[in-house]
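Working notes, beginning with the structure itself.
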Amino acid sequence: MDSILELDQIVFEWINQGWRLEWLDQIMPWWRNKTTWVPLYLIAVGILVWQYRRTTFFFLVAIGIAVGLADFTSSQLIKKSVQRLRPCNEISLDPPARRLVGCSKGYSFPSSHATNHFALATLLFLTWGRRWRKWRWLLFAWAASIALGQVYVGVHYPLDVLGGTLLGTLIGAGVAYGYRQLSRLRIQAFYEQA
């Protein structure tokens, strides 16, 4: 286990220190901020309501369940059990973490940003994204860029975002499966051949 954590710190340093680019320093704090994406979420909800009317409500409930379950599981259950310090709070790191945003006093593993965004990306990939075919893979690229941004700004280790990625993907897939079973409430167009 020690060798895995040592490798995790090496990869953290490589991303946090070695990738230092002025333009990324400007973009990443903004990019990985969850409020940055609120306008996109509102546009997506508007499109869904316009296209699918009332059945959109149950899809939005599924999204709320996926993200809520992801956030609760990562921040309330796992983080409090594992209690791993964030790299920005770890005084033994040499060199110390390069911080580009404020450092929470909360624990690090798993990354809730990664968990929540991968839960959302997976749910969208398996439902609404079925209509996009090859373009739906961009959902995972978006979630991965936000997760990687957490390492770049110094608030998470790579294993934190990997753990969040796996957890979020499982939760998103589980909610997508449950949503698909609700044939009378789901948006039928998601499951038709496009």
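Just so you know, all these numbers are worked out from the coordinates, no wet-lab data involved. Because the structure is a prediction, the values reported are computed rather than measured. Using ideal geometry, Cβ is built from the backbone for each residue, glycine included, and neighbour counts are taken over all protein chains shown.
Tell me the trypsin sites (Lys or Arg not before Pro) within region 89-184 that lie in a loop according to DSSP and have at most 10 other beta-carbon atoms within 10 Å. For trypsin sites (Lys or Arg not before Pro) across region 89-184 that sit outside H, G, I, E and B with at most 10 neighbouring Cβ atoms in 10 Å, the list reads LYS105, ARG184. Here the Karplus relation 6.51 cos²θ - 1.76 cosθ + 1.60, evaluated at θ = phi - 60°, turns the backbone of region 184-192 into coupling constants of 8, 10, 6, 7, 4, 4, 5, 10, 8 Hz, with x for every Gly and Pro. Dipole magnitude for region 2-191: computed about the Cα centre from +1 point charges on Lys and Arg Cβ and -1 point charges on Asp and Glu Cβ, it is near 1240 debye. The order of VAL67, VAL161, VAL49, VAL151, going from fewest to most other C-beta atoms within 10 Å of their C-beta, is VAL49, VAL67, VAL151, VAL161.
All other residues whose Cβ lies under 10 angstrom from that of LEU124 are scored, Lys and Arg at +1 and Asp and Glu at -1, for a net of +2. Region 33-110 and region 122-194 have Cα centres separated by 13 Å. Along the axis of the charge dipole computed for the chain (Cβ charges of +1 for Lys and Arg, -1 for Asp and Glu, origin at the Cα centre), the listed residues VAL82, HIS113, PRO158 are led at the positive end by HIS113.
Stretching the chain fully between LEU182 and ARG53 yields a gain of 44.7 nm (0.36 nm per residue, less the alpha carbon separation).
Computed extension length for VAL61-THR35: 7.4 nm, one decimal, from 0.36 nm per residue of separation with the Cα-Cα distance subtracted.
The simple Förster model, with R0 at 22 Å and r as the Cβ-Cβ distance, assigns CYS103 and TRP19 a FRET efficiency of 0.70. Taking the inverse of the mean 1/r over every pair of distinct Cα atoms in region 2-191 gives a Kirkwood hydrodynamic radius of 17.4 Å. Per residue, the convex hull spanned by the alpha carbons of region 146-188 comes to 70 Å³. For the chain, averaging the sequence separation of C-alpha pairs within contact (under 8 Å, six or more residues apart) and dividing by the residue count gives a relative contact order of 30 percent.
Calculated [222 nm] ellipticity per residue, helices only, for the chain: -18500 deg cm²/dmol; basis is -39500 (n - 2.57) per DSSP H run with n ≥ 4, divided by all residues, nearest 500.
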